[in-house]
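> Structure below; questions to follow.
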Amino acid sequence: MTGPASATPVGTPPASEAQRRVLTVLVAGQILSGAGLAAGITVGALLAQDMLGSTDLAGLPSALFTAGSALAAVTIGRISQSRGRRPGLAAGYLAGAVGSAGVIAAAVADNPVLLFVALFVYGAGTATNLQARYAGADLAAPAHRARAVSTVLVATTLGGVVGPNLASPTGTLADALGIPTLAGPFLLAGAAYALAALVLAVWLRPDPLLLARSLDLQQQKHTSGDSEETPVRQPGLMLGALTMILTQLVMVAIMTMTPVHMHDHGHGTAASGFVIAVHVGAMYLPSPLTGRLVDRYGRTSIAAASGVTLLAAGITAAAAPDDSVGLLALALALLGLGWNFGLVSGTAMITDAVPLATRAKTQGLVDVSIAIAGATGGLTSGLVVSAAGYPVLALTGGVLALAVLPAIAVTAGSR
């Protein structure tokens, strides 16, 4: 479907001006979607535990909305490939809003099956939140791609930090509306995702991917087919995907069970909301610095740092006393930072390795793998904690993250 992808709208601004506008609109959308994203992280596992009366399947909500994000990732990738980033991202956020409404309905009806279906649909918001980072890189120069990605990611911080801390107030609002308290944050999620969809649908113009393709075609004509776009290099593609898969699996597994672990040891929703807020802040707030580090010191150096940082997070979480909110917050901050290192460096590798002609579709498929890894981490985390305890989960995850180091060594040796 080359029609919409090859057309350049009349009056399209220069690439630099368009990039500034694109980043501004993406930042606005990410601030809103960050609040929606944080709702499921904060209370999804607790809501399932309350409905089912068991910890064994407390990781299932995280697995479901990350599995839902897998389907959404490939769908958004295909829509973006054929029609551009704007319709793909807007549709994804709208699906996240529908899923949020479904969670509220499930809580009111006390229906676990409906809850799980709704959480699956809700996962589209998570996928879209991540896919937006690629849109930030479409028009960026290769030497500044990581910084462009980081600009989009850091915008999630405001909504992501504010969202968990609104768990208690939205719970109070839910009570007043006759809705179960734990479903309250999904009121915020639904509104936030719907607004994010509206912002992108109305203002993300020109479409960054379609404009990048048009400019690339013009460049090829002027250089007799020689494009500045880096050709596909399989090692970079595979290493970027592996880095993001590992960091997502470890991060989701430990993050999912931390509120449950805290709840089981007497901590309230406010305490777990604070810890998750710190975690989400660490996931996104360091992004500008991470982007500069990736552009300056290279993709693989920061990918290696992600594995080491996640190991430190796992050790800290495993060693934290049950009553120590401070140490758990530190562990979750390190967990978020390690994830950030892996995501920014991995995204830059993927964008470098894939040409514009197939970029959106390939990025969607990579994000499917990332989502499946997250679903695996979420689903197994409850089983591991039930069988062996939270410290074992945290330590195992930290050690697993180190697998990125031999992968980097093998990739370096193959070049």
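> Modelled with pLDDT under 90, within 17 Å of His279 (Cα to Cα) and touching a helix residue (DSSP H, G or I) at 6+ places or on another chain (Cβ under 8 Å): is that true of Ala15 in this structure?
no
> State whether one or more residues within segment 143-159 are at positive phi and touching a residue at least 12 places away in the same chain (Cβ under 8 Å).
No, segment 143-159 contains no residue that is at positive phi and touching a residue at least 12 places away in the same chain (Cβ under 8 Å).
> Can you name the residue in segment 107-127 that is small (Gly, Ala, Ser) and touching a residue at least 40 places away in the same chain (Cβ under 8 Å) and, of all such residues, is surrounded by the most Cβ atoms within 10 Å (Cβ to Cβ)?
Gly125
> Within segment 91-133, take every residue that is under 14 Å from Leu37 (Cα atoms) and of a type in the set (Val, Ile, Thr) and give me the one that is modelled with the lowest pLDDT.
Residue satisfying both the conditions and the ranking: Thr126.
> From the list Val308, Val354, Val325, exactly one residue is surrounded by fewer than 18 Cβ atoms within 10 Å (Cβ to Cβ) and either of a type in the set (Phe, Trp, Tyr) or touching a Leu at 6+ places or on another chain (Cβ under 8 Å) (or both). Which is it?
Val308
> Contact list please: Cβ distance under 7 Å, first residue in segment 31-47 and under 13 Å from Thr269 (Cβ atoms), second residue at pLDDT 80 or above and of a type in the set (D, E, K, R), pairs at least six apart or on different chains.
Matching pairs, first to second residue: none at all.
> All but one of (1) surrounded by fewer than 24 Cβ atoms within 10 Å (Cβ to Cβ); (2) not in a loop (DSSP other than H, G, I, E, B) hold for Ile254, so report the exception by its number.
With (1) surrounded by fewer than 24 Cβ atoms within 10 Å (Cβ to Cβ); (2) not in a loop (DSSP other than H, G, I, E, B) applied to Ile254, the lone miss is (1).
> What number goes with the only condition from (1) crowded, with 20+ Cβ neighbours inside 10 Å; (2) at pLDDT 85 or above that Leu166 does not pass?
Here Leu166 clears every test but (2).
> If we scan segment 227-240, do we find a residue that is at pLDDT 90 or above, aliphatic (A, V, I, L, M), surrounded by 22 or more Cβ atoms within 10 Å (Cβ to Cβ) and not in a loop (DSSP other than H, G, I, E, B)?
The answer is yes, given that some residue of segment 227-240 is at pLDDT 90 or above, aliphatic (A, V, I, L, M), surrounded by 22 or more Cβ atoms within 10 Å (Cβ to Cβ) and not in a loop (DSSP other than H, G, I, E, B).
> Next up: Could you check Leu328 against (1) over 26 Å from Ser369 (Cβ atoms); (2) at pLDDT below 90 and say which number it fails?
Looking at each condition in turn, Leu328 falls short on (2).
> OK, next. Any idea which of (1) more than 26 Å from Asp367 (Cα to Cα); (2) over 21 Å from the mean Cα position of the chain (by Cα); (3) among the aliphatic types (A, V, I, L, M); (4) at pLDDT below 90 is the one Leu177 doesn't satisfy?
(4)
The values are calculated or read from the model by the stated rules, or taken from the named source; none is laboratory data. Everything numeric in this text was worked out from a predicted model, so none of it was measured. All Cβ positions, glycine included, derive from the backbone under ideal geometry; neighbour counts span all protein chains shown.
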